[in-house]
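Remarks on the structure that follows.
Nothing in this text is a laboratory measurement; each read-out follows from the coordinates by a stated rule. Nothing here was measured: the structure is a model prediction, and the numbers come from that model. Methodologically, a virtual Cβ is constructed for each residue, glycine included, from the backbone with ideal geometry; neighbour enumeration extends over all protein chains shown.
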Amino acid sequence: MGNTNSENPSDNDWEDRGELVWNEFDWERYLRQQDESVLKYLAFYEELKNTSERLDEAAKLMGWGVEEWTSEGVSDGDDDDEDDDEDEEASEVDLGDESDPYTLHKNPIYVATRALFLSLKRSWEQLAESTERVPQKLAFHYYAALLRTEDQAIQAISALDFGDYAMAISLFKRALRELNTTLAFVLAEDHENHRALADYRALASPRLFDLREVWLRVMGECREELARPSDDTDDDDDED
């Protein structure tokens, strides 16, 4: 990493990072590491795809704490040996230098969302290469719906990362509406007569429902945050 004297006028933007100022090569290294995180999550998810708790189990393997991932994932067991094994396995996942700055790319919800969309898009792109397997109209409309859903979800996660919980809820609602459109294409009954489309549906359906599960969890937590009394409210009560 380089300590460069950038001519960027927004020098104050770097105050939180101390004296270290990154150049474009540092950021490229960092972004590649975050891309690897997405691929690692996807690999864990694929290994666990037949497990009902695949979302939370993959999160544990990534080394994400309960407070980072979801408040729903509290363990019921007290088996110390099992916890030690999980911690050891999670510690093998290298997500980059701890001194690296935090960006949206490190948000666990972002990583999981990106990973599942990556899987959905890759599989569809391979399938839709042949007009014999997928009608052109369906290939276009489904992929467009998939991209719209991802766009709304990433905007929602960005709002969440900034602590704007109300906006995050609104954007996740939009993402869910687009997700319903996407699911309608996947679950169409006429796909039964097309083996390739039926195979894709078997792959895509659980991933789309898992995305819905993640976003609904986050929306619930956002509502809990919004329902908590603010510090200003507490101060006003004290004054009264």
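Just a few scattered comments:
- For the range 99-186, a simple Cβ point-charge model (Lys and Arg +1, Asp and Glu -1, everything else neutral) yields a dipole of about 220 debye relative to the Cα centre.
- Close amide H contacts of VAL21 (hydrogens built in the peptide plane, cut-off under 5 Å, sequence separation of 5 or more or a different chain): THR4.
- Distance in nm between pseudo-label sites at GLU47 and GLU225 (7 Å out along the Cβ direction from Cα): 3.0 nm
- The slack in the chain from THR181 to ALA196, taken as 0.36 nm per residue of separation less the alpha-carbon distance, amounts to 3.4 nm.
- Ranked by how many other beta carbons lie within 10 Å on average, peptides 108-115, 23-30 from highest: 108-115, 23-30
- Its Cα gyration tensor gives the range 127-226 an equivalent ellipsoid; the semi-axes, largest first and in whole Å, are 31, 13, 9.
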